[in-house]
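Data first, discussion second: the structure below is written as structure tokens.
The values are calculated or read from the model by the stated rules, or taken from the named source; none is laboratory data. Quantities reported herein were computed from a predicted structural model and do not represent experimental measurements. Note: ideal-geometry Cβ built from the backbone for every residue, glycine included; neighbour counts use all protein chains shown. Protein only, heavy atoms only, side chains kept; ligands, DNA and RNA dropped before computing areas. Shrake-Rupley method; radii C 1.70, N 1.55, O 1.52, S 1.80 Å.
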Amino acid sequence: MSTLYEDIGGEAAVDAAVEIFYRKVLVDDRIKSFFNDVDMEKQMAKQKSFLTFAFGGSSKYSGKSMKDAHSHLVERGLVDSHVDAVVELLGETLKELDVADDKIQQVVTIAESVRGQVLGRE
Amino acid sequence: MPTFIFKEQKYQANENQTVLDALINNGIEIQNSCRSGVCQSCLLKTESTVESLAQKGLKDTQKKEGLFFSCQQTVVEGMEIFECHESNKSSVGVIIAQEPLSASVVLVKIDIKDKSFGYNAGQFINLVRSDGLCRPYSIANQSGRNIIELHVRRIPGGVMSEWLYGDDLLGQEVKITGPIGECYYQDVYSDQDLLLVGTGTGLAPLCGILLDALESNHSKKIYLHHGALDEEGLYYVEKLKSLANENPNFEYIPAVLKGDSDKYNVGNIVDIIKEAKLNVKDTTTFICGDPDIVKAIKEIVFLKGVSSKKIFSDPFVISKKTCSV
Ligand SMILES: Cc1cc2nc3c(=O)[nH]c(=O)nc-3n(C[C@H](O)[C@H](O)[C@H](O)COP(=O)(O)OP(=O)(O)OC[C@H]3O[C@@H](n4cnc5c(N)ncnc54)[C@H](O)[C@@H]3O)c2cc1C
Ligand code: HEM
């Protein structure tokens, strides 16, 4: 059986998605300030980690925990509404890439599964 | 156990250890994060052959330069590893000319003694003075010459730039290391419009790219935007205007923040790029100079729809380095 990651289109899909997603992030007044202080290439590489994870493609993601990766953002005021915004932009991105609704739902579920960790509650 | 070299020092690794783990094991701090070859924070450089997985997703220019993800590469016996902005190639150079280009910019010509020191115009070199003072400068003349040209802006109180601008240095020996960076012209861009944007001596690498593109008979559009605070900050105006006259596909657009609007575009270069019409699907962009302006323009060009893979930049960040002589 093919995985969700393969179904969406694997690495090529991540590459396409990261450009669309990051364009949305940069102009979204709710969250853009969290992404502003770093250089663009580095930031996009991090967002690629995010998308690879959400697409179910990083079973071997062995980096920092989600909690550690976002703890400095929680200090700067990261709360649930910001996660809502990120999840919304993620969904819009996949729609633009013509990903089927049920697949989008699966991606959103994966992203939602780490909400507590991202916000430092778990 | 395999050995490897990092910053000119020899270290040992365990069998099948990744470069990242081996460095950390040896007490060297290397940025890292995802450890799965995605986040790019552990990027290093080598001239040894690396596994394809260790370069997956990198731009072609980065692969050519030998950049690789240290978390995805096992240590190969004898491999020499560098930080991204370092290089093992070096040559003695002799300063053979210092010509003022404006009240604040001097053209420095350096005769490269090692004739095998190849470079691409637009890349930068580290210029090392005999006391070890070391600063990066961009190569402003065409590729494939034995003499490189630098445009150095005098920064009041700046150690290296005051020296290059003010002292009589003809015949002076310096060390050159490099070349480094991905701001240069390649034939694969021949079907692309080129958007070149720079402030101050950010014009230097763009001149190199422009001259190489023209020499390669680049037939698509080339737009060169040069921004400065005022008229004083512009240089090479006549030279670039005449190149634009000779090459109908090349457009030179100087802009000043304050000044005579009959002669120049007046306004912030960031806004000027915001308004510029671009063929976003087929434009390759090079942005150089002041770091804040480079960052802002990169974002604008990206938001207009140019793929990040086609945006190259050299922010002239201030470094206070000394190097081995
Ligand atoms: C990739 C790269 C390429 C570069 N290419 C060029 C080039 O082609 N031409 C060129 O002229 N420079 C270039 N630079 C900048 C150059 O390397 C030096 O930073 C610059 O010449 C100042 O060095 P200095 O020793 O004279 O000043 P320093 O002694 O290092 O600095 C003296 C003081 O001036 C301030 N200062 C330093 N730089 C600036 C600045 N740009 N604007 C305002 N204040 C400053 C510092 O904060 C410090 O207080 C490049 C930098 C990078 C990273
Ligand atoms: C919804 C679930 C989320 C997931 C699965 C997720 C995942 C990730 C991952 C894997 C990284 C890379 C970490 C690293 O390797 O360093 C990352 C970094 C980052 N994330 Fe998230 N993220 C989520 C939500 C958010 C939200 C809501 C924001 C802000 C609005 C955010 C902002 C960032 C920023 C700014 C970085 C880069 C941090 C840095 O540069 O150090 N993330 N995220």
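Taking the stretch B:124-143, which residues are surrounded by fewer than 22 Cβ atoms within 10 Å (Cβ to Cβ), closer than 16 Å to B:Cys183 by Cα and touching a helix residue (DSSP H, G or I) at 6+ places or on another chain (Cβ under 9 Å)?
Within the stretch B:124-143, B:Asn141, B:Gln142, B:Ser143 meet the criteria.
Limited to the stretch B:264-303, what total is found for residues that are of a type in the set (A, V, I, L, M, F, W, C) and in contact with an Asp or Glu (Cβ under 6 Å, 6 or more places away or on another chain)?
1
From the residues in the stretch B:294-314 that are open to solvent by less than 10 Å² (accessible area, probe 1.4 Å) and at the interface with chain A (Cβ under 9 Å from one of its Cβ atoms), which one is nearest to B:Lys59 (Cα to Cα)?
B:Ile311
Find all pairs meeting these conditions: Cβ atoms under 8 angstrom apart; at least six residues apart or on different chains; first residue within the stretch B:46-60 and within 13 Å of chain A (Cβ to nearest Cβ); second residue assigned to a loop (DSSP other than H, G, I, E, B) and not polar (S, T, N, Q).
Cβ pairs passing all conditions: B:Leu53/B:Gly37; B:Lys56/B:Gly37; B:Gly57/B:Gly37; B:Gly57/B:Val38; B:Lys59/B:Glu182.
Just to confirm my filter: which helices (runs of 4 or more DSSP H) fall fully inside the stretch A:1-111 and include at least 1 residues that are within 14 Å of chain B (Cβ to nearest Cβ) and aliphatic (A, V, I, L, M)?
A:10-26, A:40-54, A:66-75
So which residues in the stretch B:18-46 are part of a loop (DSSP other than H, G, I, E, B), closer than 28 Å to A:Met44 by Cα and not aliphatic (A, V, I, L, M), if there are any at all?
Once the filter is applied, which keeps residues that are part of a loop (DSSP other than H, G, I, E, B), closer than 28 Å to A:Met44 by Cα and not aliphatic (A, V, I, L, M), the stretch B:18-46 yields B:Glu29, B:Gln31, B:Asn32, B:Ser33, B:Cys34, B:Arg35, B:Ser36, B:Gly37, B:Cys39, B:Gln40, B:Ser41, B:Cys42.
Taking into account only those residues within the stretch B:148-164 that are without any contact (Cβ under 8 Å) to a residue 40 or more places away in the chain and touching an Asp or Glu at 6+ places or on another chain (Cβ under 8 Å), which is nearest to ligand 1 (Cβ to nearest atom)?
In this case the residue turns out to be B:Ile155.
If the requirement is being over 24 Å from B:Leu101 (Cα atoms) and away from ligand 2 (no atom under 16 Å from the Cβ), which of these qualifies: B:Ile180, B:Ile155?
Unique residue meeting the criteria: B:Ile180.
So B:Tyr119 fits all but one of (1) in contact with a helix residue (DSSP H, G or I) (Cβ under 7 Å, 6 or more places away or on another chain); (2) closer than 23 Å to B:Leu67 by Cβ; what number is the exception?
Every condition holds for B:Tyr119 apart from (1).
Determine which member of the set B:Ser143, B:Ser36, B:Ser138 is in contact with a Phe, Trp or Tyr (Cβ under 7 Å, 6 or more places away or on another chain), of a type outside the set (Asp, Glu) and within 13 Å of ligand 1 (Cβ to nearest atom).
B:Ser138
Scan the stretch B:271-293 for residues that are open to solvent by less than 60 Å² (accessible area, probe 1.4 Å) and not β-branched (Val, Ile, Thr) and jot them down.
Residues satisfying the conditions are B:Ala276, B:Leu278, B:Phe286, B:Cys288, B:Gly289, B:Pro291.
Among the candidates B:Gln72, B:Gln55, which residue alone is in contact with a Gly (Cβ under 7 Å, 6 or more places away or on another chain) and open to solvent by 20 Å² or more (accessible area, probe 1.4 Å)?
Answer to the selection: B:Gln72.
Restricting attention to the stretch B:213-254, which residues are surrounded by fewer than 19 Cβ atoms within 10 Å (Cβ to Cβ) and within 17 Å of B:Asp187 (Cα to Cα)?
B:Leu214, B:Glu215, B:Ser216, B:Asn217, B:Ser219, B:Lys220, B:Lys221, B:Asn249, listed by residue number.
Might you let me know whether the stretch B:187-210 holds any residue that is open to solvent by less than 50 Å² (accessible area, probe 1.4 Å) and out of contact with any strand residue (DSSP E or B) (no Cβ under 8 Å at 6 or more places or on another chain)?
no
Kindly provide the set of residues from the stretch B:92-111 that are in contact with a Gly (Cβ under 9 Å, 6 or more places away or on another chain), open to solvent by less than 40 Å² (accessible area, probe 1.4 Å) and not in a loop (DSSP other than H, G, I, E, B), ordered by number.
Passing the criteria: B:Val94, B:Ile95, B:Val105, B:Val106, B:Ile110, B:Asp111.
How many of the residues in the stretch A:18-39 are of a type in the set (A, V, I, L, M) and within 16 Å of ligand 1 (Cβ to nearest atom)?
Going through the stretch A:18-39 one residue at a time, the tally reaches 0.
Restricting to the stretch B:165-176, name every residue that is touching a Lys or Arg at 6+ places or on another chain (Cβ under 8 Å) and within 13 Å of ligand 1 (Cβ to nearest atom).
Answer for the stretch B:165-176, where residues must be touching a Lys or Arg at 6+ places or on another chain (Cβ under 8 Å) and within 13 Å of ligand 1 (Cβ to nearest atom): B:Tyr165, B:Gly166.
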